[in-house]
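Presented below is the structure to which this report refers.
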Amino acid sequence: MLLKKSKYNVAIAGATGAVGVEFLKVLEKRNFPIGELRLLASSRSVGKKMNFRGKNYPVSELKENSFESIDIALFSAGGDQSKKFASHAVAAGAVVIDNSSAYRMDPKVPLVVPEVNPEDIAKHQGIIANPNCTTIIALMAIYPIYKLSRIKRMVIATYQAVSGAGAKAIAELKNQTQDDLEGKKINPSVFKHAIAFNLFSHDSAIGAEGYSQEEMKVVNETKKILHDDHMLISPTAVRVPVVRAHSEAIHLELEKELSVEEVTEALKAMPGVKVVDDRKANIFPMPRAVTSQDDIFVGRIRKDLGLKNGINLFVCGDQILKGAALNAIQIAEKLIA
Ligand code: A2P
């Protein structure tokens, strides 16, 4: 645990990226007790300035010696940078909260959603991993149900926003859509396929079993966070032309039969979850409506037609907030509490 202080020196590795920018907004909004703030990115960004609490902070290059006197280092510069620099931050005395997948499955590294497994934070040895965005969003919705009845099997289909692939992917969606509407030739670059007016199987590599890396993250990370190796998980991850909120269709097979009312009440009582389930008006969670919201929205709560113990849900969450920056800063808040 960190020594109790009134203010903490914070470094952000990847400060100029899609998640880095959000780290600053969340730290400011939640009034995190910051002493020194150090913004780090690649050499390309040296000289840039970023605003925090009305003051401009320079961006410097992420280097091995960037972490002297830092208490908390928030990493979101990609897995390679985490592997290269996180150990230097730890050696300098910082606790690293890593947004990449580099350390998530390391048995020495806790993988934490603060509303689900906050007790794991205390087991850290310098690095705490922030789970994959799709996993966090799913867990917020299924954990209150899991507490009522163990989940035997989860079938999950995702509709993932482009923000998960970074700031350049957001720009590609916007520019490509504009170009397509104007009848111009489109040249996919961040993604292999056109993302404007299209969707495709998640752009991460497909493994021997036929599942993408993104799909396997949901499988492995969900089991680690719930400490349940026996849960069966069957994922399909799809990239859709949405800017920054993921949607997920989740089908659960429970050990016990639960009513829609019991599930709805449990979801309503879950901090960080909002139930949006208006069958009459046909209003359910939508990615545009959850954009820039801290909460995960859950709706379409219904019994499976073919399975006595089956419950189905539709879930949306801001991929950059609860799916990344907000969850990491909630971990930091628990760390200093
Ligand atoms: P930079 O803006 O200087 O390239 P995103 O996920 O939106 O693509 O952002 C990635 C973040 O990681 C950015 O802040 C980016 O900085 C940073 N980054 C990428 N590569 C490196 C690197 N080799 N060294 C340090 N920071 C990096």
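Taking segment 292-308 only, how many residues are part of a loop (DSSP other than H, G, I, E, B) and touching a helix residue (DSSP H, G or I) at 6+ places or on another chain (Cβ under 9 Å)?
Initial filter on segment 292-308 (part of a loop (DSSP other than H, G, I, E, B)): 292-295, 304-308.
Narrowing the set further to residues that are touching a helix residue (DSSP H, G or I) at 6+ places or on another chain (Cβ under 9 Å) leaves 292-295.
Qualifying residue count for the region: 4.
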Residue pairs meeting the criteria (Cβ under 6 Å; at least 6 apart or on separate chains; first within 21 Å of GLY310 (Cβ to Cβ), in segment 155-173; second part of a helix (DSSP H, G or I) and of a type in the set (S, T, N, Q)): THR158/THR134
Pick from segment 105-122, criterion open to solvent by 50 Å² or more (accessible area, probe 1.4 Å) and of a type in the set (D, E, K, R), ranking: farthest from ALA141 (Cα to Cα): LYS108
Qualifying position, being assigned by TED's automatic domain parsing to the domain that holds PRO235, closer than 22 Å to GLY272 by Cβ, among the hydrophobic types (A, V, I, L, M, F, W, C) and in contact with an Asp or Glu (Cβ under 8 Å, 6 or more places away or on another chain), among ILE151, ILE186, ILE195: ILE151
Which numbered condition ASP203 fails, given (1) free of Cβ contacts under 8 Å to residues at least 60 places away in the same chain; (2) away from the ligand (no atom under 16 Å from the Cβ): (2)
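Applying the selection to segment 143-180, what residues are among the charged types (D, E, K, R) and either assigned to a strand (DSSP E or B) or open to solvent by 40 Å² or more (accessible area, probe 1.4 Å) (or both)?
Narrowing segment 143-180 to residues among the charged types (D, E, K, R): 147, 150, 152-153, 168, 172, 174, 179-180.
Passing the criteria: LYS147, ARG150, LYS152, ARG153, LYS168, LYS174, ASP179, ASP180.
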Qualifying strands (runs of 3 or more DSSP E) (wholly inside segment 231-285; at least 2 residues being within 19 Å of TYR143 (Cβ to Cβ), in contact (Cβ under 8 Å) with a residue 60 or more places away in the chain and open to solvent by 20 Å² or more (accessible area, probe 1.4 Å)): 232-239, 245-254
Residue within segment 203-214 that is in contact with a strand residue (DSSP E or B) (Cβ under 9 Å, 6 or more places away or on another chain), closer than 30 Å to LYS268 by Cα and either at pLDDT 95 or above or in the same structural domain as ILE296 (by TED's automatic domain parsing) (or both) present: yes
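Condition (residue is assigned to a loop (DSSP other than H, G, I, E, B), within 30 Å of GLY310 (Cβ to Cβ) and under 16 Å from the mean Cα position of the chain (by Cα)) applied to segment 100-110: is it met by at least one residue?
Restricting attention to segment 100-110, the residues satisfying the condition of being assigned to a loop (DSSP other than H, G, I, E, B) are 100-110.
Of the ones still in play, those that are also within 30 Å of GLY310 (Cβ to Cβ) are 104-105.
Still in the running and under 16 Å from the mean Cα position of the chain (by Cα): 104-105.
Looking for residues that are assigned to a loop (DSSP other than H, G, I, E, B), within 30 Å of GLY310 (Cβ to Cβ) and under 16 Å from the mean Cα position of the chain (by Cα), one finds at least one in segment 100-110, hence yes.
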Leading residue by the ranking (farthest from the ligand (Cβ to nearest atom)) among those in segment 76-100 that are crowded, with 20+ Cβ neighbours inside 10 Å and of a type outside the set (A, V, I, L, M): ASP98
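Select from segment 1-25 the residues that are more than 13 Å from the ligand (Cβ to nearest atom) and open to solvent by less than 10 Å² (accessible area, probe 1.4 Å) and list them in ascending order. Let's see the steps before the verdict.
Just the residues of segment 1-25 that are more than 13 Å from the ligand (Cβ to nearest atom), to begin with: 1-10, 25.
Within segment 1-25, TYR8, VAL10 qualify.
Test ARG44 against the stated conditions and say whether it is more than 9 Å from the ligand (Cβ to nearest atom) and open to solvent by 40 Å² or more (accessible area, probe 1.4 Å).
Numbers: more than 9 Å from the ligand (Cβ to nearest atom): no; open to solvent by 40 Å² or more (accessible area, probe 1.4 Å): yes.
When the stated conditions are applied, ARG44 does not pass them.
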Test result for ASN65, over 22 Å from GLN319 (Cα atoms) and either assigned to a strand (DSSP E or B) or at pLDDT 95 or above (or both): yes
Criterion (within 16 Å of the ligand (Cβ to nearest atom) and farther than 28 Å from MET140 by Cα) met by exactly one of GLU61, GLU36: GLU61
Residues that are in a loop (DSSP other than H, G, I, E, B), closer than 27 Å to ILE233 by Cα and open to solvent by 40 Å² or more (accessible area, probe 1.4 Å), drawn from segment 181-206: ASN198, LEU199, ASP203, ALA205
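The values are calculated or read from the model by the stated rules, or taken from the named source; none is laboratory data. Note that this is a predicted model, so its numbers are computed, not measured. Virtual Cβ from ideal backbone geometry, glycine too; neighbours counted across all protein chains shown. Only protein heavy atoms, including side chains, enter the accessible area calculation; ligands, DNA and RNA are left aside. Shrake-Rupley method; radii C 1.70, N 1.55, O 1.52, S 1.80 Å.
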